[in-house]
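Accompanying notes for the structure given below.
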Amino acid sequence: MTHSKCPTCNRKTDIIHNLCKTCEKYLKIKISQLADYVNDATNHLQPAKTGKGTNNGETSIGININALDWATGKPVLDILWEWEKLIREERQLTPPALLPPAKDEIATTIAFHQAHLEWTLQQPWITDYHNEIIQLHKEGQLATRSQPEPVRRISCPSPTETDTTCTKLLAIEKGNMDANILCPRCKTNWTPARLVAVALSDPNHDIWLDAESIGEWVNLSERHVRRQARQWGIHKRGSLLNFTQYINQKRNLDLT
């Protein structure tokens, strides 16, 4: 066992294989949930009437294309079969072409990946495997409209009697910068806009936001923000990024 940083979440932890225990646990869960998204996709074929995404002025064809694709199982099979082929080859198992047809192809390949996951976790390509499974899982959530709302938290910057700040993490909702937020610890009333403005005025005050929220602030895609965060070594706390560190780094680079 080595003490290092997990390549997928950057947590400093004891790594038994190539991922930390938390990422291993979530990977197992997300593999098993892929079948649920395939089965649920048929219930979401109607386009969303409110929502997420952009309105480009085009006429809707009256069907959720992502859900239709997922209902066939093709996105899952395309990814899992490719990895299964590699695993079978490296473990010298029966090649896919020689296997009898499976009655339930989705369940069969998921069961295969679960059965070989302990071995897979020890391979040098586990990070690529993990990232593709996580991305596939996100696409399944989008197709079935089951993706959780990103967590957005800012620590309360209200001063206390001991010349420190409150630091209670306050949740903020997307798209409403004028919403009233009452800090349960110091009882100060805030709006998200004022929270960010006050917090950013203190270089020693950390703001923790998800990549999507940061992208909204700086007008970049979530993927671009994540790539910059990895490149710049931005600190992480679970799924949240240190926005203060990120914005300071971005400002420094913009000035050069």
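The values are calculated or read from the model by the stated rules, or taken from the named source; none is laboratory data. For clarity, every value in this text was computed on a predicted model and none was experimentally measured. Methodologically, a virtual Cβ is constructed for each residue, glycine included, from the backbone with ideal geometry; neighbour enumeration extends over all protein chains shown.
Among all residue pairs at least 6 apart or on different chains, which show Cβ distances below 8 Å where the first residue, located in the range 104-123, is free of Cβ contacts under 8 Å to residues at least 24 places away in the same chain and the second is outside any helix (DSSP H, G or I)?
Pairs that qualify, where the first residue is free of Cβ contacts under 8 Å to residues at least 24 places away in the same chain and the partner is outside any helix (DSSP H, G or I), are Thr108/Ala102.
Please determine, by comparing only the residues of the range 96-121 that are in a loop (DSSP other than H, G, I, E, B) and surrounded by 11 or more Cβ atoms within 10 Å (Cβ to Cβ), which one is modelled with the highest pLDDT.
Ranking the candidates gives His116 first.
What single numbered condition from (1) in a loop (DSSP other than H, G, I, E, B); (2) crowded, with 16+ Cβ neighbours inside 10 Å fails to hold for Thr162?
The failed condition is (2).
If you go through the range 231-256, how many residues are under 14 Å from the mean Cα position of the chain (by Cα) and either part of a helix (DSSP H, G or I) or touching a residue at least 40 places away in the same chain (Cβ under 8 Å) (or both)?
So the answer is 4.
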